[in-house]
Structures are given as structure tokens and as C-alpha cells.
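See structure below.
The values are calculated or read from the model by the stated rules, or taken from the named source; none is laboratory data. Please read all numbers here as calculations on a predicted model, not as lab measurements. Cβ placement follows ideal geometry from the backbone for every residue including glycine, while neighbour counts extend to all protein chains displayed. Surface areas here come from the heavy atoms of the whole protein model, side chains and all, with no ligands, DNA or RNA. Shrake-Rupley method; radii C 1.70, N 1.55, O 1.52, S 1.80 Å.
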Amino acid sequence: SYKYEAIRELTKVLTDKKVIGLTGTPNNLFKQIGYKLLKIQKQTSTPINVFFRIDNRNTLTILKNHLNTTKGKSIFRFNSIVIAEALRTSLVKDKLYKKNEILILNSSEKIKLGKDFKELSHKSKFNDNVKIVFTTSLIDEGLSIKQNGFTDVVFIETEFKNSPESFKQFIARFRNKDENRKYYYYF
């Protein structure tokens, strides 16, 4: 994966240096490359309740069904740009949302250079008109969201070899507390 290759290449450059890294979600990749991991635990961490759902329907059906229950802004993380675009088209066609109320984030250069991604990366929030965000793993690392109003934070796992780090990284994007926010994990 890109992460393994990036860390491996960086490690080659830093072989004669002392390196201290900091991560909130370590994984075994660091041990495999030769880093020693220290576990430092926050004394007062608040547990997050997650609604875990096993569902063998396709991603599009899961998304549509979940949207029927949302009461506020929603963010959905899954790995299909095609499904995100198809769902946006369907929701706009059915006049449930306007096109500018649905944001699709992925790792394309056009998205990364766009005003919506820049607002998120610089201001830690989405534009106020956005009601639904469909995102890929682009959002999992390095971004902070400090915005109220997101009632549904939904992770849809489509891989059989799932990694718990992906889900942890995704829900950790929200840096503010909001008692109306609920977290969902569909497997």
C-alpha cells in the first residue's frame, strides 16, 4: 500500500538519524519496519458508542436505507467513487437534495485542489450548505472536523480483510463533542 511504501522510503533516508514519531492509531507496519512502539495512554478517554450492523446488501442499498433515518448532516465513508456519484445523481433527481448539498471527497487532484477540501483542511469544517458527505479513505488521516450538526457518521466496510485502524481513523476526524452525533459501522 502507499503507506507502507512511503514509510519505507522515508526510513531509508533517516537511517542514520534518531526519529520520534507520534500517532494516535499505531499499526504493526511500524514494528515490521523496525520502529519501537511506546504505548502512552490518555488517563481519561471517553468511550464512543458505535452501532455495529452486519448487512450483506450492496453499498448503494445500505446508503439509501440509512439516509431514510438521518435527522441532520451525514458523512459516509466507503471506497467507491462510482457509487457516490450514482447516489448523488439519484438523490438530486428524486429532489431529496440539491447538488450543492452533497459533497464527494476522494483522492483526485481536482478534489484536493478544490474549495471544499481546502475549507475542510484549513478551517476544519465543511461549507454550511453541505448536508451529506460521501468520502473515501482520503479523509481518514490528518484532517480534523470541528463542526456540529453531523448526526450520522457512517463507515461502510466492503473489504473482507478489514482493518480496525481505518474505522478508528475515520471516526477520530471529529474533534469536537456533539451529543447528537452517532457512529455507525456497517460490515
Original post:
Which residue pairs have Cβ atoms closer than 6 Å, lie 6 or more positions apart in sequence or on different chains, and pair a first residue in region 123-152 that is without any contact (Cβ under 8 Å) to a residue 24 or more places away in the chain and under 15 Å from Leu103 (Cα atoms) with a second residue that is surrounded by fewer than 18 Cβ atoms within 10 Å (Cβ to Cβ) and of a type outside the set (Gly, Ala, Ser)?
Top reply: none
Original post:
Taking Ile139 and the conditions (1) open to solvent by 20 Å² or more (accessible area, probe 1.4 Å); (2) closer than 19 Å to Phe174 by Cβ; (3) among the aliphatic types (A, V, I, L, M), which numbered condition does it fall short on, given that it satisfies the others?
Top reply: (1)
**OP:** Just name the residue that is nearest to Ile171 (Cα to Cα) out of those in region 93-125 that are crowded, with 20+ Cβ neighbours inside 10 Å and modelled with pLDDT of 95 or more.
**Re:** Leu103
Original post:
Tell me, which residue of region 51-70 that is within 16 Å of Phe160 (Cβ to Cβ) and assigned to a loop (DSSP other than H, G, I, E, B) is most open to solvent (accessible area, probe 1.4 Å)?
Top reply: Asn56
Original post:
Restricting region 142-173 to residues that are open to solvent by 20 Å² or more (accessible area, probe 1.4 Å) and of a type in the set (Phe, Trp, Tyr), which is nearest to Ile48 (Cα to Cα)?
Top reply: Phe167
